[in-house]
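Worksheet: the structure to be examined is printed underneath.
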């Protein structure tokens, strides 16, 4: 079993100019991969989801986001995909963190790709 982490694998973002989202307003986050997913067992798909980081979020139900899941592969890894983040409840800081599965991205540290919204 290979336990090595490919340090070229990572996420790349185009972030809003400010992390502040007012109630009932939204921001756009563009996401792509820095390198193509590895082909493992004839599959080169990486799935990306987000969840609230409960250890560093003061408000855990203040935000919602769409799309809930993103798919990247060797053909589209370099294209940005769009996530819309909306504040649905007044509150303070919320941090979301990625859940990455497949293509070798399972071994990438997710804590370095957390997103903070106020």
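The values are calculated or read from the model by the stated rules, or taken from the named source; none is laboratory data. Given the structure is predicted, the values throughout are model-derived calculations rather than measurements. Cβ atoms come from the backbone with ideal geometry, glycine included; neighbour counts cover every protein chain shown.
Side notes on the structure shown:
- Residue within the stretch 70-91 that is modelled with pLDDT of 95 or more, within 13 Å of residue 49 (Cα to Cα) and in a loop (DSSP other than H, G, I, E, B) present: no
- Filtering the stretch 40-48 for residues that are in contact with a strand residue (DSSP E or B) (Cβ under 7 Å, 6 or more places away or on another chain) and either part of a loop (DSSP other than H, G, I, E, B) or touching a residue at least 60 places away in the same chain (Cβ under 8 Å) (or both) leaves a non-empty set.
- Residue within the stretch 64-73 that is buried (at least 16 other Cβ atoms within 10 Å of the Cβ) and over 18 Å from residue 113 (Cβ atoms) present: yes
- For the stretch 20-38, filtering for residues that are surrounded by fewer than 16 Cβ atoms within 10 Å (Cβ to Cβ) and either without any contact (Cβ under 8 Å) to a residue 40 or more places away in the chain or in contact with a helix residue (DSSP H, G or I) (Cβ under 8 Å, 6 or more places away or on another chain) (or both) leaves 1.
- Verdict on residue 35 being under 30 Å from residue 90 (Cβ atoms) and in a loop (DSSP other than H, G, I, E, B): no
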